[in-house]
Amino acid sequence: MKPTIRDVAAEAGVSIATVSRVLNGKDRVKNSTKAKIEEAIRKLNFQPDQNARSMIKKETKTIGMVVPELSNEYWAQLFDVLQHLFWERGYTIFIGTTERNLEKEATVVKTFIERRVDGIIFGSALPRPNPDRTMELLERFAVPTVSLDPRMKGLHCVVGDHLQGATDAVEHLIRLGHRSIAYVGGPIVPDNRELGLRNACLLNDLPVNEALFRRTSDSPTFQSGYAEMKRLLGEGESFTAVFGFNDAVAFGCIRALEEAGKRIPDDVAIVGYDDIQMATVFKPRLTTVRQPVREIGEALATLLLRALSETPDAQRSFPRTHIAFKTELVVRDSCGGRG
């Protein structure tokens with residue numbers, strides 16, 4: 001039979017209230033008494049009823065994190081940062097992937113709400129529909145939420161400055177002499193990385209060739225970058241450089257180009273985005289735009305923990321915060337220019 005808090009109290013020779021204070025981390029329990037209770041818990045293999053505790057304390061010490069996919073190392077890195085930060089404060093993070101599907105996105109959020117998570121970190125990157133079922137759920141149940149997607153109106157938001165980051169990357173290619181630059185992007189139209197390419201062309205009086213823009217129909221992965229580059233090559237369009245939506249897409253483009261006999265960077269220069277760990281291992285080493293993952297994670301955690309410390313009324317009245325972190329162009333071998 002499963003031991004109860006009453007059994008622990010009897011074994012330790014203390015009251016149930018004293019055991020409860022120890023389980024909930026309350027003060028005013030002598031160290032010697034606490035030691036007896038902890039020994040009784042170990043001896044009986046007692047496990048507190050988390051559902052009952054969360055109903056009493058009105059918190060579960062859990063956070064839900066919504067991401068498009070974990071195949072992109074960026075999201076895995078961000079999760080590691082957040083998991084460490086919240087673990088130090090007694091929270092556990094659950095993670096759900098949407099596979100860039102609105103129905104799955106809403107289902108993940110609904111599941112987190114049913115599990116009574118204390119807050120949500122929203123990283124799903126999809127065009128917002130009207131009506132927006134996900135936003136309706138978050139508003140109806142008043143779940144404290146911070147977002148990495150500026151399209152989620154009314155939420156605290158933390159992002160990298162993708163428009164500036166992409167502009168810097170493409171202007172670097174232009175300074176190297178490239179005038180015909182292809183873009184292999186994600187399913188969102190338009191995204192700030194694509195807009196950054198267009199902005200760089202505008203600033204440098206370069207025409208934009210729409211035939212060189214490719215957007216994946218699903219997640220921006222190695223496979224989708226490879227497939228879109230194969231299509232682009234098959235159409236016979238001329239280009240000397242490629243800007244990829246992320247590093248995984250850039251890797252896929254490199255593979256397709258090399259299979260077609262193209263040398264990187266001699267024939268085609270490549271720039272990615274995110275600066276995942278593979279960027280320094282892949283050959284040639286990838287020139288890319290680095291996002292400050294740790295700083296983004298720290299800002300998300302700070303905003304959400306602050307929201308969790310407020311009353312629901314205070315949360316609703318608190319001004320929405322938008323933080324955009326500067327990115328950094330990291331020049332390596334794949335673009336051929338290290339100056």
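FYI, it's all coordinate maths here, none of it is from the lab. Model, not experiment: these values are computed from the prediction. Counting neighbours? That spans all protein chains shown, and the Cβs are built from the backbone with ideal geometry, glycine included.
Return the tail of the calculated pair distribution for the stretch 162-291, meaning the percent of Cα-Cα pairs more than 27 Å apart.
7
Which one, 272, 108, 93, projects farthest toward the positive side of the charge dipole computed for the chain from Cβ point charges (K/R +1, D/E -1)?
Towards the positive end, the residue furthest out is 93.
With +1 on each Lys and Arg Cβ and -1 on each Asp and Glu Cβ, how big is the dipole of the chain about its Cα centre, in debye rounded to the nearest 20?
Charge dipole, the chain, about its Cα centre: 1400 debye, nearest 20.
Work out, step by step, the length gained on full extension between residue 176 and residue 164: first 0.36 nm times the residue separation, then minus their alpha carbon distance; give nm to one decimal.
Separation in residues times 0.36 nm, less the Cα-Cα distance, equals 2.5 nm.
Calculate the translational D of the stretch 5-48 in whole µm² s⁻¹ from Stokes-Einstein, where the hydrodynamic radius comes from the Kirkwood formula applied to all Cα pairs, the temperature is 10 °C and the viscosity 1.306 mPa s.
159
Round to the nearest 10 and give me the degree value, 0 to 90, for the angle of helix 31-44's Cα axis relative to the longest principal axis of the chain.
That helix lies at roughly 80 degrees to the long axis.
Do any of 104/326; 283/326; 61/104; 110/153; 2/43; 2/36 go past 22 Å between their Cα atoms, and which?
The pairs that break the limit, which is 22 Å between Cα atoms, are 104/326; 283/326; 61/104.
State the extension gain, in nm to one decimal, for the chain segment bounded by residue 218 and residue 92, taking 0.36 nm per residue of separation less the distance between their alpha-carbons.
42.4 nm
With charges set only on the Cβ (+1 for Lys and Arg, -1 for Asp and Glu), what does the dipole of the stretch 162-291 come to about its Cα centre, in debye to the nearest 20?
Dipole of the stretch 162-291, to the nearest 20 debye: 200 debye.
Please identify which residues in the stretch 155-191 have an amide N closer than 17 Å to a label point set 7 Å out from the Cα of residue 240, following the Cα→Cβ vector.
170-183
Starting from the amide H of residue 268, placed 1.01 Å from N in the peptide plane, find each other amide H under 5 Å away whose residue is 5 or more places distant or on another chain.
Here 263 satisfy the definition.
How do the peptides 156-167, 31-42 rank, highest first, by the average count of neighbouring beta carbon atoms within 10 Å per residue?
Answer by packing, highest mean first, reads 156-167, 31-42.
Using per-residue counts of other Cβ atoms within 10 Å, averaged over each peptide, order 304-311, 61-68, 7-14 from highest down.
Most protected by this proxy first, the peptides run 61-68, 7-14, 304-311.
Let me check against my output: what whole-number percent is the relative contact order of the chain, with C-alpha pairs under 8 Å and at least 6 apart?
About 16 percent, as a whole number.
What 222 nm value per residue comes from the helices of the chain, counting each DSSP H run with n ≥ 4 as -39,500 (n - 2.57) and dividing by all residues, nearest 500 deg cm²/dmol?
It lands at -13500 deg cm²/dmol.
If R₀ is 56 angstrom, what is the calculated FRET efficiency for the pair residue 30 and residue 321, using the beta carbon separation as r and rounding to 0.05?
Efficiency computed from Cβ-Cβ geometry: 0.80.
Which of 152, 1 has the fewest other C-beta atoms within 10 Å, and how do the rest follow up to the most?
Ordered from fewest to most neighbouring Cβ atoms within 10 Å, 152, 1 come out as 1, 152.
Using θ = phi - 60° and the Karplus curve 6.51 cos²θ - 1.76 cosθ + 1.60, what whole-Hz ³J(HN,Hα) does each residue of the stretch 106-112 get, with Gly and Pro shown as x?
With the stated coefficients, the stretch 106-112 comes to 5, 5, 4, 5, 4, 5, 4 Hz.
Long-range amide H contacts for residue 323: which residues qualify at under 5 Å (H placed 1.01 Å from N, peptide plane, sequence gap of 5 or more or a different chain)?
HN-HN under 5 Å from residue 323: 157, 158, 159.
Could you list which residues have their amide H under 5 Å from that of residue 132, counting only those 5 or more apart in sequence or on another chain, with H placed in the peptide plane?
Long-range HN contacts for residue 132: none found.
Please name which of 244, 10, 79 has its Cα lying farthest along the dipole of the chain towards the positive end, using unit charges on Cβ (Lys, Arg +1; Asp, Glu -1) and the Cα centre as origin.
10
Output ³J(HN,Hα) for the stretch 142-154: one whole-Hz value per residue in order, computed from phi by the Karplus curve 6.51 cos²θ - 1.76 cosθ + 1.60 with θ = phi - 60°, and x for Gly and Pro.
With coefficients 6.51, -1.76 and 1.60, one gets 6, 7, x, 9, 10, 10, 9, 10, x, 6, 7, 5, x Hz.
What would the Debye equation give as log₁₀ I(q)/I(0) for the chain at q = 0.07, 0.14 Å⁻¹, counting only Cα atoms as equal point scatterers?
-0.39, -1.06
Using the crude model of +1 on Lys and Arg Cβ and -1 on Asp and Glu Cβ, and no other charge, please compute the dipole size for the stretch 118-198 relative to its Cα centre, in debye to 20.
The dipole magnitude comes to about 240 debye.
Hey, with R₀ at 35 Å, roughly what FRET efficiency would residue 311 and residue 208 work out to, going by the Cβ-Cβ distance, to 0.05?
0.10
Give the percent of DSSP beta bridges with both residues in the stretch 100-220 that are antiparallel, rounded to the nearest 5.
0
If Lys and Arg each add +1 and Asp and Glu each add -1, what is the summed charge of the other residues whose beta carbon sits under 10 Å from the beta carbon of residue 274?
-2
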